[in-house]
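Since the structure comes first, as structure tokens, the remarks are kept for the end.
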Amino acid sequence: MSLPNVAYFSMEIAMDQSLKTYSGGLGFLAGSHMLSAGYLQMPMVGVTMLWSYGYYDQRIAHDGQVEVAYIRKYYDFLKDLNVSTEVEIFGEKVKVKAYYVAPELFGACPVYLLTTDVDGNSDWAKSISHKLYDGNEKIRIAQETVLGIAGVRILQQVGYNFDVIHMNEGHALPAAFELLRQYNGNLEEVKKKTVFTTHTPVTAGNEVHWVDTLLDGGFFAGCSRETAVELGGENFSLTVAALRMSRIANAVSQLHGLVANKMWEWVEGRCPIRAITNAVNLHYWQDPRIKAAQTAEDLLAVKREMKAELFEYVANVAGKRFDPDVLTITWARRFADYKRAWLILMDTDRINKLLNENKVQIIFAGKFHPDDVMGKDMFNKLLNRSHSLKNVVVLPGYELELSGRLKRGSDIWLNTPLRPFEASGTSGMSANANGALHLSIYDGWTVEGTFNGINGYSVEYPGLDDDIPWEERHWKDHDYIMNTIENEIIPTYYENKTEWARLMRQAIRTSEAYFNSDRMVIEYYNRLYKPIAHDDSCSGEKKKEMNISETPTFDAWTFSNIK
């Protein structure tokens with residue numbers, strides 16, 4: 001059986017620093033997916049948006065506070081396909097034009113970029129593809145309508161005969177409704193061609209809009225209100241509808257698979273949710289010097305060299321001189337409250353002692369959503385506090401290039417989500433690939449890939465899933481992190497370099513062995529894209545004959561406290 005042709009729809013894809021069509025982790029993951037599909041020469045194309053202003057440019061303003069800046073991007077390396085389509089959005093006919101990223105440009109599979117910022121559209125219609133994740137609800141709905149409906153039509157115009165549409169998150173759901181229109185309302189035919197990845201149990205990540213607003217926006221591609229409500233409810237949930245319109249779906253780590261199945265078990269008519277653990281593209285993320293390091297001495301020397309390179313950047317941006325011989329801890333990811341950037345600084349006296357004695361250096365970086373007042377405030381508080389702390393910096397502009405610098409130049413990659421809200425997380429995987437050890441709450445991919453005393457450190461203790469107040473959980477997690485740093489990490493780093501090099505080597509090996517997106521893409525083909533049975537479907541009766549359950553049973557884990 002030949003492999004199916006897959007069209008991978010994602011609101012953001014991060015293939016290269018020069019093409020700013022991404023915001024953070026979801027885009028980094030999608031970029032790794034495209035790069036590995038290209039490397040493996042899998043029959044896949046990507047469909048995303050060409051954002052005129054990117055997500056935003058994050059920089060420090062003259063008043064010392066973080067600034068959200070919008071700077072128009074220009075690219076001369078994209079191919080104009082001279083292909084366009086028209087989509088009706090909030091009563092206005094909007095022209096959508098397509099550009100093309102050729103495989104030889106970044107080594108990825110072919111990717112189509114959609115834009116409404118073209119002559120002939122109104123100013124409002126042009127603004128649809130201006131800013132990724134625009135905070136205006138109508139523009140956000142319009143963005144998703146363009147991605148899904150125009151994306152399907154553009155692929156059909158250029159002659160790409162897709163067998164499967166992969167909706168990476170609910171943003172691309174209008175693609176399923178466009179298929180529903182083309183199949184004259186036959187939902188079973190849509191399901192044969194549609195699969196879905198859900199990325200988060202966090203409420204904000206599972207988008208909801210009033211059904212009539214979506215209907216006015218053209219989100220449903222002409223589908224009736226009644227049908228839309230049946231699929232997603234009057235307060236329409238994109239995730240719920242995607243689960244009902246797909247043949248199969250996946251969560252993004254094994255733990256997230258449990259959480260997602262529990263979270264969405266009430267949804268009647270939903271498809272099965274499997275677990276396919278996220279990964280990163282090692283060809284992109286891993287420094288070749290790491291692979292070339294043969295001995296423990298080589299590995300330690302390469303890491304010191306990469307730290308020195310990072311610290312030149314730190315000095316230039318933040319005006320502080322870091323020491324490559326001092327243990328360096330980095331927290332770098334999206335600034336969302338549940339990720340708890342501030343956790344390591346909770347006990348001022350305790351952390352100050354380590355900083356003032358030159359036992360540790362700490363780097364923070366990451367973007368918040370431009371409309372997230374709490375995230376921006378968190379960033380500014382950390383930034384202002386860093387000025388009065390020794391050995392602490394907060395770096396703006398967390399994009400692909402800075403992310404790579406940090407992963408190469410860090411000793412410890414810190415991950416502090418409030419369990420179980422981190423569905424997977426991938427930044428620690430690429431940090432591991434560069435010899436940075438993971439220190440993480442026991443959540444997301446950490447459960448599968450960070451093994452205490454073997455390749456890193458994870459925060460585990462009795463009562464990890466007890467129902468206790470969040471403030472108490474914060475202090476408990478903080479205490480375990482600090483105990484690990486003080487009693488395990490610092491003594492090993494400074495007093496037993498042989499053991500530290502062994503831990504580094506095992507972190508690298510773990511990343512190479514499993515958390516490589518080449519493995520992930522192959523697994524997607526085998527477990528999500530390829531039909532379960534040769535007739536491209538597998539009915540309930542057939543499943544009973546084959547002894548296949550709708551939802552896998554996991555004996556190793558229980559999550560009775562997840563509501």
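All of the numbers you see were taken from the coordinates with simple rules; none came from a lab. Predicted model, so just to flag it, every value in this text is computed and none were measured. Cβ: placed from backbone, ideal geometry, glycine included. Neighbour counts: every protein chain shown.
Identify all residues within region 283-305 that are charged (D, E, K, R), crowded, with 17+ Cβ neighbours inside 10 Å and assigned to a helix (DSSP H, G or I); write none if there are none.
Correct list: Arg289, Lys303.
Outside any loop (DSSP other than H, G, I, E, B), closer than 19 Å to Ile522 by Cβ and either aromatic (Phe, Trp, Tyr) or without any contact (Cβ under 8 Å) to a residue 12 or more places away in the chain (or both) - does that describe any residue in region 44-52?
Checked against the condition, which is being outside any loop (DSSP other than H, G, I, E, B), closer than 19 Å to Ile522 by Cβ and either aromatic (Phe, Trp, Tyr) or without any contact (Cβ under 8 Å) to a residue 12 or more places away in the chain (or both), region 44-52 yields no hits at all.
Ala513 passes all but one of (1) in contact (Cβ under 8 Å) with a residue 40 or more places away in the chain; (2) closer than 30 Å to His33 by Cα; which number fails?
Only one criterion in (1) in contact (Cβ under 8 Å) with a residue 40 or more places away in the chain; (2) closer than 30 Å to His33 by Cα is unmet by Ala513, namely (1).
Any residue at all in region 214-235 that is within 23 Å of Lys530 (Cα to Cα), touching a Phe, Trp or Tyr at 6+ places or on another chain (Cβ under 9 Å) and either among the basic types (Lys, Arg) or surrounded by 18 or more Cβ atoms within 10 Å (Cβ to Cβ) (or both)?
Start the filter on region 214-235 by keeping residues that are within 23 Å of Lys530 (Cα to Cα), which leaves none.
So far as region 214-235 goes, no, none of its residues is within 23 Å of Lys530 (Cα to Cα), touching a Phe, Trp or Tyr at 6+ places or on another chain (Cβ under 9 Å) and either among the basic types (Lys, Arg) or surrounded by 18 or more Cβ atoms within 10 Å (Cβ to Cβ) (or both).
Would you mind stating whether Ala150 is under 26 Å from Phe368 (Cβ atoms) and crowded, with 24+ Cβ neighbours inside 10 Å?
Numbers: under 26 Å from Phe368 (Cβ atoms): no; crowded, with 24+ Cβ neighbours inside 10 Å: yes.
No, not satisfied.
I'd like to know if region 93-104 contains one or more residues that are surrounded by fewer than 20 Cβ atoms within 10 Å (Cβ to Cβ) and among the aliphatic types (A, V, I, L, M).
First, pick out the residues of region 93-104 that are surrounded by fewer than 20 Cβ atoms within 10 Å (Cβ to Cβ): 93, 95, 99-100, 102-104.
From what's left, among the aliphatic types (A, V, I, L, M): 102.
The answer is yes; a qualifying residue exists.
Got a number for residues in region 63-79 being within 23 Å of the chain's Cα centre (by Cα), free of Cβ contacts under 8 Å to residues at least 40 places away in the same chain and assigned to a loop (DSSP other than H, G, I, E, B)?
The total comes to 0.
Quick check on my filter: what residues within region 480-505 are surrounded by fewer than 17 Cβ atoms within 10 Å (Cβ to Cβ), of a type in the set (S, T, N, Q) and over 24 Å from Lys291 (Cα atoms)?
Asn483, Asn487
Being surrounded by fewer than 19 Cβ atoms within 10 Å (Cβ to Cβ), outside any strand (DSSP E or B) and of a type in the set (A, V, I, L, M, F, W, C) is the filter here, so list the residues in region 183-210 that pass it.
Result: Leu187, Val202, Ala204.
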